[in-house]
Amino acid sequence: MLIKICGATRVADIDLLAEAGADLIGLWSGVPDGHAQLDDDAFDRLARATRKRGRTPVLVTLSRDVRGLLARVAGSGVSWVQLHGYQTPATVRALKARGLTVVKVLHIRDGQCLERPLINAYQRAGADLFLLDSMAGGRIGSTAHRLDPEVAASVVEAVDRPVLLAGGLTARNAGQFRAVTRAHRFAGIDVDSGARDERGRFDADAVRAIRREWTVGVPAA
């Protein structure tokens, strides 16, 4: 399974996360007012640092500007894009036409998947993976609001793509998701706040604990 840690802002974060066992590292661009939003130079620098350490950088964005997204990946060499906003299937299709790996986020609010009517369209457009994330009020992304395990299981059964889970995930609540992690389409998890200490800095021990607890009972790839 894949462990994605989101919101790196320093090369020191990349070093820590790579050493602690993260597979994918989320770098924010096009996330207005986001706590981990990066300017272009910082994004490129951290993407290079991530690849240098043998990990995969992921562009995490709310942007719907396909031209701008393509320029961002071309400039940084990033090949994974996580569409964390309400982008259309056409956006997915345009990114896939350039050979990118596209992760489309499906937002869960009040027990419902907001994009459920669009799942088949996203799949036809070429989405490689889905990521289930829990909303808190009107906020999306890094809310620390726990994903409901039963709702997650129902969405995993409804899709034909590998699925990552996000939303208030920690080492301590891994056991609540065993039914999902044993599912054939389960691909891994995406964590931000659960990988940090009380000061908001990434914590290597927390990341190691997340990997240890979430891989219990997960079939080897």
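The values are calculated or read from the model by the stated rules, or taken from the named source; none is laboratory data. Keep in mind that what you see is a predicted model, and the values were worked out from it rather than measured. Here the Cβ is made from the backbone with ideal geometry for all residues, glycine too, and neighbour counts use every protein chain on show.
Data overview
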{"read-out": "Close pairs from segment 105-119: first touching a residue at least 24 places away in the same chain (Cβ under 8 Å) and buried (at least 16 other Cβ atoms within 10 Å of the Cβ), partner of a type in the set (Gly, Ala, Ser) and part of a strand (DSSP E or B), Cβ under 7 Å, at least 6 apart", "value": "ILE108/SER134"}
{"read-out": "Test for LEU164: is it buried (at least 18 other Cβ atoms within 10 Å of the Cβ), not in a helix (DSSP H, G or I) and not charged (D, E, K, R)", "value": "yes"}
{"read-out": "Only listed residue being touching a helix residue (DSSP H, G or I) at 6+ places or on another chain (Cβ under 7 Å), assigned to a helix (DSSP H, G or I) and surrounded by 22 or more Cβ atoms within 10 Å (Cβ to Cβ), chosen from ILE14, ILE25", "value": "ILE14"}
{"read-out": "Residue that is farthest from LEU131 (Cα to Cα) [pool: residues in segment 65-103 that are in a loop (DSSP other than H, G, I, E, B) and of a type in the set (Val, Ile, Thr)]", "value": "VAL78"}
{"read-out": "Residues of segment 49-108 classified as over 26 Å from ARG10 (Cα atoms), touching a Leu at 6+ places or on another chain (Cβ under 9 Å) and of a type in the set (Lys, Arg), total", "value": "1"}
{"read-out": "Boolean, GLY85 is of a type in the set (Gly, Ala, Ser) and more than 23 Å from ALA171 (Cα to Cα)", "value": "yes"}
{"read-out": "Matching residues in segment 179-199 - criterion: being of a type in the set (A, V, I, L, M, F, W, C), in contact with a helix residue (DSSP H, G or I) (Cβ under 8 Å, 6 or more places away or on another chain) and in contact (Cβ under 8 Å) with a residue 40 or more places away in the chain", "value": "PHE186, ILE189, VAL191, ALA195"}
{"read-out": "Members of segment 107-135 that are over 11 Å from the mean Cα position of the chain (by Cα) and part of a strand (DSSP E or B)", "value": "HIS107, ILE108, ARG109, GLN112, CYS113, SER134"}
{"read-out": "Top-ranked residue in segment 87-100 [being surrounded by fewer than 17 Cβ atoms within 10 Å (Cβ to Cβ) and in contact (Cβ under 8 Å) with a residue 12 or more places away in the chain; ranked as farthest from VAL163 (Cα to Cα)]", "value": "ARG98"}
{"read-out": "Flag for VAL207 being in contact with a Leu (Cβ under 7 Å, 6 or more places away or on another chain), closer than 22 Å to HIS107 by Cα, modelled with pLDDT of 90 or more and among the β-branched types (Val, Ile, Thr)", "value": "no"}
{"read-out": "ALA166 vs. criteria under 18 Å from the mean Cα position of the chain (by Cα), of a type in the set (A, V, I, L, M) and closer than 14 Å to LEU132 by Cβ", "value": "yes"}
{"read-out": "Yes/no for LEU147 being in contact with a Gly (Cβ under 9 Å, 6 or more places away or on another chain), surrounded by 15 or more Cβ atoms within 10 Å (Cβ to Cβ) and modelled with pLDDT under 95", "value": "yes"}
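Residue-wise test of (1) farther than 29 Å from PHE202 by Cα; (2) surrounded by fewer than 16 Cβ atoms within 10 Å (Cβ to Cβ); (3) among the hydroxyl-bearing types (Ser, Thr, Tyr).
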| site | (1), (2), (3) |
| --- | --- |
| THR61 | no, no, yes |
| HIS84 | no, no, no |
| GLY126 | yes, no, no |
| PHE130 | no, no, no |
| MET135 | no, no, no |
